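Novice: So that we are looking at the same thing, I have put the structure below in structure tokens.
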Amino acid sequence: MIRPFRQELKFVIHHSVKTNLIQRWSRYLTKAPFTNRYAVSPVLSQYYDSPTLQFYQEKLDGIPVRNKIRLRTYGYTYRAGATAFLEIKQRVNQSIRKIRQRIPGFHEGHLDPATWAFDDRAHRDAFQVLMERYRLKRSAQVFYLREAYQGLVESDVRITFDTSLLGLYPGERFTPELMRDRSRCLMPDTLVILEAKSTRGFPGWVQEGVLAAELQQKTVPKYITAVEVLGLPELTASGDYAR
């Protein structure tokens, strides 16, 4: 699936602000599909980059047209048979688009880019260009808990709150102990990443909530922060990453 370009607003907020916003927006939102009774689901993503971390460098350099590639599942592990997707996240200036393909019969071996197969030609071409240009290999993993809602009337509007962000090394397995390892945290546990997304523009209630809370756009770039927390640039410089 190649999704249309969308607008995104991102903020780092305190838990108390999150509580107030959910109360304010509750009549406009409904729980997102495939989440639990509290609208929460775990998200585990394996990101891919070049042996020299070129995607990471392009973000730091502020390149206006850039990509990220990840394999994402909604769980704590890459469990065989789980729902999993390959995604390219494309940014063109301030607009975002996803190219997303579900992996049928998913198993852990699909983490290797050499196993990726595409029935759709447009998907195959989009992924292969980046695979060949960047010589993709596994980079940082990112785990977090996402509380997700969508617009009750404006179904293209999506509101999410991300917490418990952790960085994992490529190939490392998630464990409960990692949740208590402060060195792996991507931000303080008192903070939340709020993201508002829409393909047709934001309705007035979103903008009113942002203004009422006096929010300023800012985010924690998950992949970039994980790369730095894990020390992957230093491992790259020493030759230990490009193995």
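Laboratory data are not the source of any read-out in this text; all were calculated from the coordinates shown. These numbers come from a predicted model, not from an experiment. Positions of Cβ are generated from backbone atoms using ideal geometry, with glycine treated the same way; all protein chains shown enter the neighbour counts.
Novice: Please list 3J(HN,Hα) in residue order for the range 142-156, calculated via the Karplus relation 6.51 cos²θ - 1.76 cosθ + 1.60 where θ = phi - 60°; whole Hz, with x for glycine and proline.
Specialist: Residue by residue, the range 142-156 yields 10, 10, 7, 9, 10, 9, 10, 9, 10, x, 5, 9, 8, 5, 7 Hz.
Novice: Here is a further query. Which option, (1) 191; (2) 133; (3) 120, is the value of volume of the Cα convex hull per residue in Å³ that was calculated from these coordinates?
Specialist: (2)
Novice: Oh, and also: Which value, to two decimals, describes the C-alpha radius of gyration of the range 177-243 once divided by 2.2 N^0.38 Å? Intermediate values should be presented prior to the final figure.
Specialist: Details: Rg = 17.5 Å, N = 67, 2.2 N^0.38 = 10.9 Å.
Compared with the compact-globule rule of thumb, the range 177-243 sits at 1.61.
Novice: I need the calculated FRET efficiency for the pair Arg135 and Tyr76, taking r as the beta carbon distance and R₀ as 41 Å, to the nearest 0.05.
Specialist: The computed FRET efficiency comes out at 0.90.
Novice: Taking the convex hull of the alpha carbon atoms in the range 95-189, what volume per residue do you get, in Å³?
Specialist: In the range 95-189, the Cα convex hull volume per residue is 178 Å³.
Novice: Listed here are the pairs Lys18/Lys218; Lys31/Lys222; Lys68/Lys137; Lys18/Lys89; Lys31/Lys218; which of them are more than 21 Å apart at the Cα?
Specialist: Listed pairs above 21 Å: Lys31/Lys222; Lys18/Lys89; Lys31/Lys218.
Novice: Given Cβ point charges of +1 (Lys, Arg) and -1 (Asp, Glu) and nothing else, what value in debye, to the nearest 20, does the dipole of the range 7-238 about its Cα centre take?
Specialist: On the way: 34 positive and 24 negative charges, 78 e Å.
The calculated dipole for the range 7-238 is roughly 380 debye.
Novice: Compute a Gaussian network model of the chain, connecting alpha carbons closer than 10 Å, and tell me which residue from Val142, Val17, Val157 fluctuates the most.
Specialist: Result: Val17 has the largest fluctuation of those listed.
Novice: Which one, Tyr149, Tyr38, Tyr28, has the greatest fluctuation when you compute a Gaussian network model over the chain with C-alpha springs under 10 angstrom?
Specialist: In this elastic network of the chain, the residue with the biggest mean-square fluctuation among Tyr149, Tyr38, Tyr28 is Tyr38.
Novice: A further question on this structure: Based solely on its DSSP helices, what 222 nm [θ] is calculated for the chain when runs of n ≥ 4 H residues each add -39,500 (n - 2.57) and the sum is averaged over all residues, nearest 500 deg cm²/dmol? Show your work: numbers first, answer last.
Specialist: Numbers: 7 runs with 60 residues, N = 243.
After summing the helix terms and dividing by the residues of the chain, the value is -7000 deg cm²/dmol.
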